[in-house]
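Values quoted throughout were computed directly from the atomic coordinates according to the rules given, and no laboratory measurement underlies them. Since the structure is predicted, the reported quantities are computational estimates derived from the model, not experimental observations. All Cβ positions, even for glycine, are placed from backbone atoms using ideal geometry, and neighbour counts span all protein chains on display.
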Amino acid sequence: MRVWFPAGVLALWGLLAISVWILPLTPNLIHLEHILTPPGPGAWLGYDDLGRDIGERLLVGARTSFLVAVWVVSLSALLGTAVGTVSAYWGGLWDRVIVQVIDIFLAFPGILLAIALAGLLGPGIDNVVMALAVVGWVGYARLSRAQVLSLKHREHVMAAESLGSGRVRIMIRHLLPLMAAPLIIEATFGVAAVVIAEAGLSFLGLGVQPPGASWGAMIRDGTRYMLVAPHLVLAPGAAICAVVLSVNLLGDRLRDRLDKRLITATGET
Amino acid sequence: MSQPLIRLDNLTVRIGSGDGAVRPVDGVSFEIHRGETFALLGESGCGKSMTALAMLRLLPQPAGRITGGHVYLDGEDLTALPEVEMRRVRGRRIAMIFQEPMTSLNPVLTIGDQIGETLRQHHRLTGRAARERVLELLDAVGIPDVKRRQAEYPHQLSGGMKQRVMIAIALAGEPDLLIADEPTTALDVTIQAQVLELLQRLQRDTHMAILLISHDLGIVAGMAERVAVMYAGQLVEEATRNRFYAEARHPYSRRLFESLPDVGKRDHALATIPGFVPHLDREFSGCRFADRCDRVWDYCRSHAPSWNLGSERHHVRCHLADPSVPAPASVVKERTPSRHADSAEAAGGTLLDVRDLQLHFPIHRGVFKRVVGHVHAVDGVSLAIPQGRTLALVGESGCGKTTVGKAILQLLRPTAGSVRFDDIELTRLSGKRLRRRRRDFQFIFQDPYSSMNPRMRVGDIVEEGMIVQGIGGSRAERRRRVAELFSQVGLSAEQVQRYPHEFSGGQRQRICIARALAVDPRLVICDEPTSALDVSVQAQILNLLKHLQIRLGLSYLFITHNLSVVAYLADRVAVMYLGRIVEEGPVAEVLEHPRHPYTQALLSAVPRIEAGGERRVIRLEGELPSPASPPRGCHFHPRCPAVMPACRESYPGESGDGDHRVRCFLYPPDTAGRQTAR
């Protein structure tokens, strides 16, 4: 139950996101006769203030949040891990500069920076990805830096060094595989954070532009009619909630599993 | 004979349940009398510690439980006592000290509080009376400056001091029986001598009994009155100390003796015990040692040997000792150990020449990380190793010997000095040129497990050196070479696909040796390669190293604290104290006629297995000073029994004849020798 429910939700999320390319959807088709119609036969989730099918818009929104999450997490994990690993392994002046940069980024409220960046770059989904990745790499950099600092004095690294292995080889073969577990866990939780951040930016009007659909934008549009037609906000709100909850539950399980394996692998000396 | 203090009667312990259940203690019986020291001897995993924990009913919960037998303390059955009563026994009647003093003390309580806890629990002592008793106890275990020390926390104490505190806590309950589980394994040999002497003195004063659990034949010889050998959950031999050391009768006990390295066995391969301790999750139909025994015959596999009573209460669990079982003649005869092949070539020229090597670590303080001083880890070390020879570097932990090894290999860059390898100055090499050179010199680490990447298959670990050095040809050729290396170090080539955690300690060290050999090195620096291993496994690794040296003409720098290994393996020995070499010479010379007072003390502190003979231990006061602020003059003078005024003024220069050099004022310096003023 603790695995199957969240895994199912996430699989559905991914599936729906992909299905958008295949299904004959008309999310922007306006049915004037259905404005603010509550859920019923024909449209499971009802129609919005312009008479568009909320169910279809929810699917398109799923694609938006899925794409943004995948892109932002991979970009920031790659960038952050690379910067953190190299910085900690090389050490010296380069490391000190990187630490300062990380501290500055951490001291600044991330979402505010993302808003500023998205505003600067102009609205649009690719700019949201950029803005969130610029904010997001810091966590991975800090984590991988801490990992490398504790791993680089391990004897197996010294053993590789004494065989004559170069620095790049040591980083890729002897450091990265050992820090993969915490990074994977961090990335999992990162997905939840990005989904919320994307919804937040879209809510503020910085993300997907009309008539494109995004969960955050749907909530923004719905707030004006919250009292007369609550289904406008409930559907995207529930979707965000389900996805974020599932990601966090799954992340917890993953952490338990990976940590356990780590203990049995190193505890048996 | 009076009633024994404690008597174990057929004690059996089971851990786990169902098919996977193991019986680490399987029908163990022995008794200990008041004032007696009884030693339980055996290698790791044979059930020694489990026996002790079962006596105190402290088995790991909930998996472990006593499934049979009894433990009688003064006639009272401890296995039948309710838990509340048992708590009054622990600490009060039976106290225990553990192997790791570092982890057995509570880090957030002062040592005075921790001793006071026992006093409060068992003697209802509080307040002033308790405080005075704490000081008394600390004084009794030889801790100086007790008033200040009792308010300190465990991290402020050295390892030896912590073990003394553990003993003080154990003594606080005034126990009748003290269980000492490997009490000195984590300590240096000179500190070990101090702690063992302390235990003996306390036993004389309080007349308590001691159950000493140890794997070290030397310690047991010096401490115990009676000895029992444990193997695979059973006692296999029990005898008085003198009888056991004069004539051990069980093949396992004999093998333990034969696998000890010493100078007399230099030309021979050490005896080893093949295979592993059997898993204790199955029923045994025959002798548990049969699969590893060199004197086994068919009968051993089908009939479990009984506990044979010999003369003078010498019990042996072996068919050879049972007069009713006729042993075939082929089994009874003695075997002679195999000789090492003679070294093919005489020593060549000097391979490694280290001169005045220094390595200082800066100490940073404050917000701006100012350098406020240096740790002089290595402070002017010179040594040379000829082709195909072994130099042993000996010293206590913290003297800088491992740092010397790493500095020679440029794994830590020296602060000053020169390291010439085959007439190439290594300290000036860097980057790619140094990396290319690395195939000529390899390092074998103390802990084979942490020196292997746990996420790599062992075959890849061994192959890596060839890949990075670009040797060994194609992938298929490299794979062939890996298989060859595996068989060379005594592993099967099918194991290359496994991961490091699937191997035992000895096998892991073999893999590390194979990895070092993969790049065809000429010099191998071995950093305590056997100190984490059991004696019989240590013998296998030492045999392997010696065999490889003869076959491949390797040179070794052997870093160790174990002087009997030095005697067995090394050609020359250098003794190190606080970053400097104090004595250096041929191994026989230095070990037979040590000149430096430190070497003399070190040698005298090594427990020996010669039966009965009283030996004089030169006891060193205090402990190794911090290398951040070494004492003025000769570093050794605060602990030296032969200290002179000159020692406090300046560091002695080198003296002695050409081959055997020593740095001590007791010996007149060379007239031509250079005097170092520092």
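General remarks:
- Test for B:ALA95: is it surrounded by 15 or more Cβ atoms within 10 Å (Cβ to Cβ) and either on the phi < 0 side of the Ramachandran plot or touching a Pro at 6+ places or on another chain (Cβ under 8 Å) (or both): yes
- Close pairs (6 angstrom Cβ cut-off, 6 or more residues apart or separate chains): in contact (Cβ under 8 Å) with a residue 24 or more places away in the chain in the range A:190-216, buried (at least 24 other Cβ atoms within 10 Å of the Cβ) and of a type in the set (Lys, Arg) anywhere: A:ALA213/A:ARG57
Matching residues to (1) part of a strand (DSSP E or B); (2) surrounded by fewer than 20 Cβ atoms within 10 Å (Cβ to Cβ); (3) touching a helix residue (DSSP H, G or I) at 6+ places or on another chain (Cβ under 8 Å):
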position: B:GLN3; (1), (2), (3): no, yes, no
position: B:ASP19; (1), (2), (3): no, yes, no
position: B:PRO24; (1), (2), (3): yes, no, yes
position: B:GLY27; (1), (2), (3): yes, yes, no
position: B:ARG34; (1), (2), (3): no, yes, no
position: B:LEU40; (1), (2), (3): yes, no, yes
position: B:SER44; (1), (2), (3): no, yes, no
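- Helices (runs of 4 or more DSSP H) (entirely within the range A:1-116) containing at least 2 residues that are within 17 Å of the chain's Cα centre (by Cα) and polar (S, T, N, Q): A:54-90
- For the range B:491-512, a residue qualifies if it is β-branched (Val, Ile, Thr) and within 12 Å of chain A (Cβ to nearest Cβ), and exactly one does: B:ILE511.
- All positions within the range B:118-142 that are crowded, with 20+ Cβ neighbours inside 10 Å and closer than 21 Å to B:VAL195 by Cβ: B:THR118, B:VAL134, B:LEU137, B:LEU138, B:VAL141
- Selection count, the range B:237-283, where residues are closer than 17 Å to B:ALA39 by Cα, out of contact with any Gly (no Cβ under 8 Å at 6 or more places or on another chain) and polar (S, T, N, Q): 2
Conditions tested, residue by residue: (1) under 19 Å from B:GLU174 (Cβ atoms); (2) free of Cβ contacts under 8 Å to residues at least 60 places away in the same chain; (3) of a type in the set (D, E, K, R); (4) surrounded by fewer than 20 Cβ atoms within 10 Å (Cβ to Cβ).
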| position | (1), (2), (3), (4) |
| --- | --- |
| B:ARG88 | yes, yes, yes, yes |
| B:ASN106 | no, yes, no, yes |
| B:LEU109 | no, yes, no, yes |
| B:GLY112 | yes, yes, no, no |
| B:GLY116 | yes, yes, no, no |
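- Residue match in the range B:582-595 (condition: within 24 Å of B:ARG355 (Cβ to Cβ), of a type in the set (A, V, I, L, M) and touching a Cys at 6+ places or on another chain (Cβ under 8 Å)): yes
- When each of B:VAL468, B:VAL482 is tested for being among the hydrophobic types (A, V, I, L, M, F, W, C), over 26 Å from the mean Cα position of the chain (by Cα), more than 10 Å from chain A (Cβ to nearest Cβ) and crowded, with 19+ Cβ neighbours inside 10 Å, the lone residue that passes is B:VAL482.
- Restricting attention to the range B:46-85, the residues that are part of a helix (DSSP H, G or I) and crowded, with 16+ Cβ neighbours inside 10 Å add up to 10.
- Meeting the requirement of 1 or more residues that are touching a residue at least 60 places away in the same chain (Cβ under 8 Å) and of a type in the set (Gly, Ala, Ser), the helices (runs of 4 or more DSSP H) wholly within the range B:442-559 are B:505-517, B:535-552.
- Close Cβ contacts (under 8 Å, 6 or more residues apart or on different chains) running from residues in the range A:134-157 that are within 13 Å of chain B (Cβ to nearest Cβ) to residues that are of a type in the set (Ser, Thr, Tyr) comprise A:LYS152/A:TYR89; A:ARG154/B:SER450; A:GLU155/B:SER450; A:GLU155/B:SER451; A:HIS156/B:SER450; A:HIS156/B:SER451.
- Taking the range B:274-294 as the range and being part of a loop (DSSP other than H, G, I, E, B), under 30 Å from B:GLN549 (Cα atoms) and touching a Pro at 6+ places or on another chain (Cβ under 9 Å) as the test, the residues that pass are B:CYS293, B:ASP294.
- Test: B:GLY395 is within 25 Å of B:GLU583 (Cβ to Cβ), within 14 Å of another protein chain (Cβ to nearest Cβ) and not hydroxyl-bearing (Ser, Thr, Tyr): no
- B:LEU199 being closer than 24 Å to B:ALA52 by Cβ, out of contact with any Pro (no Cβ under 9 Å at 6 or more places or on another chain) and either part of a loop (DSSP other than H, G, I, E, B) or in contact (Cβ under 8 Å) with a residue 24 or more places away in the chain (or both): no
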